[in-house]
1. Out of 84, 54, which single residue is closer than 23 Å to residue 151 by Cβ, surrounded by fewer than 20 Cβ atoms within 10 Å (Cβ to Cβ) and of a type in the set (Asp, Glu)?
2. Let me confirm something: among 49, 34, which residue is touching a Lys or Arg at 6+ places or on another chain (Cβ under 7 Å) and touching a residue at least 60 places away in the same chain (Cβ under 8 Å)?
3. Report yes if residue 110 is over 24 Å from residue 157 (Cβ atoms) and modelled with pLDDT of 95 or more, otherwise no.
4. Restricting to the stretch 134-171, give me the number of residues that are of a type in the set (Lys, Arg) and either touching a residue at least 40 places away in the same chain (Cβ under 8 Å) or out of contact with any Leu (no Cβ under 9 Å at 6 or more places or on another chain) (or both).
5. Out of the residues in the stretch 145-171 that are among the charged types (D, E, K, R) and not in a loop (DSSP other than H, G, I, E, B), state the one that is farthest from residue 46 (Cα to Cα).
6. Please work out which one of (1) without any contact (Cβ under 8 Å) to a residue 24 or more places away in the chain; (2) part of a helix (DSSP H, G or I) is the condition residue 120 fails and give its number.
7. Could you tell me how many of the residues in the stretch 119-165 are closer than 15 Å to residue 60 by Cβ, under 12 Å from the mean Cα position of the chain (by Cα) and of a type in the set (A, V, I, L, M, F, W, C)?
8. Given the condition touching a Phe, Trp or Tyr at 6+ places or on another chain (Cβ under 7 Å), modelled with pLDDT of 95 or more and among the basic types (Lys, Arg), answer yes or no: does some residue in the stretch 63-75 qualify?
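The values are calculated or read from the model by the stated rules, or taken from the named source; none is laboratory data. Quantities reported herein were computed from a predicted structural model and do not represent experimental measurements. All Cβ positions, even for glycine, are placed from backbone atoms using ideal geometry, and neighbour counts span all protein chains on display.
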Amino acid sequence: MNTRQFPRFAETDAPAAARAQLAATRAAFGAIPAPVAAYAGAPTMLAAALSGLDAFEKTSLAPLEREVLAMTMGRINGCKFCLDLHRRMLARREAPPALVGALEQGLPLAEPRLEALRRFILGVLAGRGDVEASVWDDFLGAGYTRAQALELVLGISVYTLTTFANRLVEV
């Protein structure tokens, strides 16, 4: 037996504290994604992941901008599940294949505003929140706000949580 294998739960066999969230996930998406099924073994982890992802979805960042963050974090943290999922989400949004490829490879993005966003995300990570002045200038010059900088910190923290957990539960 693989000692690292985490059980996957459904709303019928999960710990009681996780059942309603699993049922809501199934209702919203038609299925329970593998990571969510594994997170249910720790109901507080499940709650934190789902509420964090929901909060990030409610930011002022456009869907494509949120996908830039998700793909960047998935690539940096080596989360194959995230890369596969967000690649499909970008395809549904009819994102150019060159954009998807650049995100997967960590290459500069052709669209200047999205590249300023990507560079800011990388700057936050590299400086652990202490972003270089030139990166800040480019970010603000691209039309982003200080409030959006904080929303990106939210996204970075949520995707750090989920990419680490996804790797831990081996999805």
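1. Working: 84 fails: closer than 23 Å to residue 151 by Cβ.
After applying the criteria, what remains is 54.
2. Values: 49 fails: touching a Lys or Arg at 6+ places or on another chain (Cβ under 7 Å).
Unique residue meeting the criteria: 34.
3. Values: over 24 Å from residue 157 (Cβ atoms): yes; modelled with pLDDT of 95 or more: yes.
Judged against the criteria, residue 110 is a match.
4. Count: 1.
5. Taking the stretch 145-171 first, the residues among the charged types (D, E, K, R) are 146, 151, 167, 170.
Keeping just the survivors that are not in a loop (DSSP other than H, G, I, E, B) gives 146, 151, 167.
On the way: 146: 29, 151: 21, 167: 15 Å.
The qualifying residue farthest from residue 46 (Cα to Cα) is 146.
6. Against the list (1) without any contact (Cβ under 8 Å) to a residue 24 or more places away in the chain; (2) part of a helix (DSSP H, G or I), residue 120 comes up short only on (1).
7. At the first step, the residues of the stretch 119-165 found to be closer than 15 Å to residue 60 by Cβ are 120, 139-140, 142-155.
Cutting the leftovers down to under 12 Å from the mean Cα position of the chain (by Cα) gives us 152-155.
Next, from what is left, pick out any that are of a type in the set (A, V, I, L, M, F, W, C): 152-154.
Result for the stretch 119-165: 3.
8. The answer is yes; a qualifying residue exists.
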